[in-house]
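Beneath this line is the structure, given in structure tokens, with notes to follow.
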Amino acid sequence: MTHYIDGRWVDGAGADSIKVFDPALGEPFAELQAASAAQVDQAISAAREALPAWKGLDVARRAGYLRGFAEQLGLRREELIALQMRNNGKPRHEAEVDLDDAVATFAYYADLIEQQARKDPGVALAAPGFTARTRLEPVGVVGLIVPWNFPLVTSAWKLAPALAAGCTVVLKPSEITPLIEQSYGQIAETLGLPAGVLNIVVGKAETGIALSNHNGLDKLSFTGSNTVGSQVMRSASAQCRPVTLELGGKSAIVVFDDCDLDQAVEWIVAGICWNAGQMCSATSRLLIQDGIADALLARLAVALDSLRVGNPLTEDVDMGPLTSQGQWLKVAAYFAVAKEEGLTCLAGGQPLDRSGWFVSPTLYADVPAHSRLWVEEIFGPVLCSQRFSTEQEAIDLANDSRFGLVATVVSRDLQRAERVADALEVGHVWINSIQAVFVETSWGGTKGSGIGRELGPWGLSAYQSVKHVTRCLG
Ligand code: NAD
């Protein structure tokens, strides 16, 4: 049984058959049938029916369910780590981080909704003779559409705040990693979450379209590509419905000449090779200050060449395969474009000669600003570099992108690093660090990287509607 609708597991009635692959072998290990449009409709109806009771439930009880999700994820730890390794191709330590992140997200929103409920709702009015109070109400029935690169995490970032706020939800996982989110349905069942509060429908684009076009939703939160994001936004605009969009990136890592070179190499490699570069936040544009450029590029090439790339289930690896054949073909096509453009390749630049969807960690030097590899999101372990001389030049180069998700700044001069961070047109900047994401800080981008924020209190308010009640005392 594949789809979790109104508290029951049902088989798919949709036209699409979905094969679930082990990307390290390039072989399927499961097959399921997508949900039909009628099943999406049933899921939305169930969520609508469940809404009054769920939003009316005492906040402590809602928070209790969220803590239950955190606890149950912990109990399924080994199973979920193994599944992410097998279906996503994640090395074990990365799969562990994802699991921990999902647990922390549910625990955080359980606490946050209780803290919010304890706050005085009164509004201080300058005008005499009136009182006013604030009510934060759930936006209602929300559709959640997520991609495949961090299935456990992206879904937790939506599910936990939505459920905490009192929304009921229909989640559509990616067809590439549909099994991982089924665990959220199994946990809901174990916890006795009221039927219809959480519904899960698996499918390809057709299922996503049925969900995002449906007029029974009050909001849609989408994480994925810009192409699909703009379609989702069109559906939302046709119905004047709010939408949160977490989209792509082409983020910069800016390295100044006062840095520790070895440390910089470590952060640069992590920023492009974590999850085999399949990260919206991959720092895929490397900006190096002139004085250290040659030395840094030389060390980087060695570091990338020496990464252990292989099957995370059978080998001790630093980087696994790309998660899908489609992604592998896409990255391979960029290698061909790089050759056509005559780019200077210092490491990698080709698929690995073995079965499964592997590519080598890749570094191109002095990539022109008009190169497709400099401009477009590749979503693989492909790093492009340029040189800069002044701080302002670095800022201008970093900001010269249609995306604005994240950036990293590496410098021993902390005042300069903070100054540069302030000038970067992105949603999150890391200074001298790996991409540490904390549930208390926000996630989301500027420009083409999306609309809205997840995580922190902003992630909760994305599922809340503000109401004020004003009373005349006279
Ligand atoms: P995608 O847009 O192809 O698919 C995302 C989801 O949308 C999947 O569940 C898919 O089935 C569904 N979908 C496909 N067509 C649809 C349609 N027409 N209508 C509604 N739903 C549809 O993206 P992907 O390849 O799964 O993920 C990679 C992209 O996601 C990258 O661009 C990456 O940057 C982005 N991403 C962004 C963030 C972020 O937080 N900003 C996080 C992770 C991934």
Can you tell me how much longer the chain between GLU266 and GLN392 gets when fully stretched, taken as 0.36 nm per residue apart minus their C-alpha distance, in nm with one decimal? 42.9 nm
R0 of 45 Å, Cβ-Cβ distance SER237-ALA15: FRET efficiency to nearest 0.05: 0.95
Roughly how far apart, in whole Å, are the Cα centres of region 84-130 and region 174-217? 20
What is the extension gain from ALA82 to SER306, computed as 0.36 nm multiplied by their sequence separation minus the C-alpha to C-alpha distance, in nm to one decimal? 78.1 nm
Tell me which residues come under 5 Å, amide H to amide H, from THR344 once H is placed; ignore anything under 5 positions away on its chain. ALA365
Per the helix-only model, the chain has a calculated mean residue ellipticity at 222 nm (DSSP H runs of ≥4, -39500 (n - 2.57) each, divided over all residues, rounded to the nearest 500) of -13500 deg cm²/dmol
Once the Cβ-Cβ distance between ARG61 and LEU329 is put in as r, and R0 is 41 Å, what FRET efficiency do you end up with, to the nearest 0.05? 0.30
Tell me the angle of helix 92-118 to the major Cα principal axis of the chain, expressed in degrees between 0 and 90 and rounded to the nearest ten. 40
Treating the angle as unsigned and between 0 and 90°, give the value, to the nearest 10°, between the Cα long axis of helix 59-75 and the longest Cα principal axis of the chain. 40
Karplus 3J(HN,Hα) series, Hz, for region 412-426 with 6.51 cos²θ - 1.76 cosθ + 1.60 (x for Gly, Pro): 7, 7, 5, 5, 5, 4, 5, 4, 5, 4, 5, 8, 7, 8, 9
Taking the alpha-carbon centroid of each part, what is the distance from region 237-267 to region 1-68 in angstrom? 31
Once phi is turned into ³J(HN,Hα) by the Karplus curve 6.51 cos²θ - 1.76 cosθ + 1.60 with θ = phi - 60°, what whole-Hz value does each residue of region 148-165 show in order, with x for glycine and proline? 9, 6, 9, x, 5, 7, 4, 5, 4, 5, 9, 4, 4, x, 5, 5, 4, 5
Scalar couplings 3J(HN,Hα) for region 200-209 by Karplus 6.51 cos²θ - 1.76 cosθ + 1.60 (θ = phi - 60°), nearest whole Hz, x for Gly and Pro, are 10, 10, 9, x, 8, 4, 4, 5, x, 5
For ALA30, enumerate residues with amide H under 5 Å from its amide H, sequence gap 5+ or separate chain, H modeled in the peptide plane. VAL20
Extend 7 Å from the Cα of ASP353 along its Cα-to-C-beta direction; within region 304-328, residues with backbone N under 13 Å of that point are none
So the label point goes 7 Å from the Cα of ASP413 along Cα→C-beta, right? Which residues of region 292-310 then have their backbone N under 17 Å from it? 292-293
Most exposed first, judged by fewest Cβ atoms within 10 angstrom, GLU315, GLU189, GLU340, GLU246 run GLU340, GLU315, GLU189, GLU246
Give LYS19/LYS172; LYS19/LYS90; LYS90/LYS172; LYS219/LYS447; LYS339/LYS447; LYS172/LYS330 a once-over and call out the pairs whose C-alpha atoms are over 27 Å from each other. LYS339/LYS447
Sorted by Cβ neighbour density within 10 Å, fewest at the top, the residues LEU217, LEU83, LEU307: LEU307, LEU83, LEU217
Taking the 0 to 90 degree range and rounding to the nearest ten, how far is the long axis of helix 226-238 tilted relative to the main principal axis of the chain, both from C-alpha atoms? 30
Long-range HN-HN contacts of ARG387 with modeled amide H, under 5 Å: ILE288
Put in order of increasing Cβ neighbours within 10 Å, starting from the fewest, LEU352, LEU179, LEU363 give LEU352, LEU179, LEU363
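No lab work stands behind these numbers, since they all come straight from the coordinates. Only a predicted model underlies this, so the values are computations on that prediction, with no experimental measurement involved. Cβ coordinates were reconstructed from backbone atoms using ideal geometry, including for glycine residues, and neighbour counts include every protein chain displayed.
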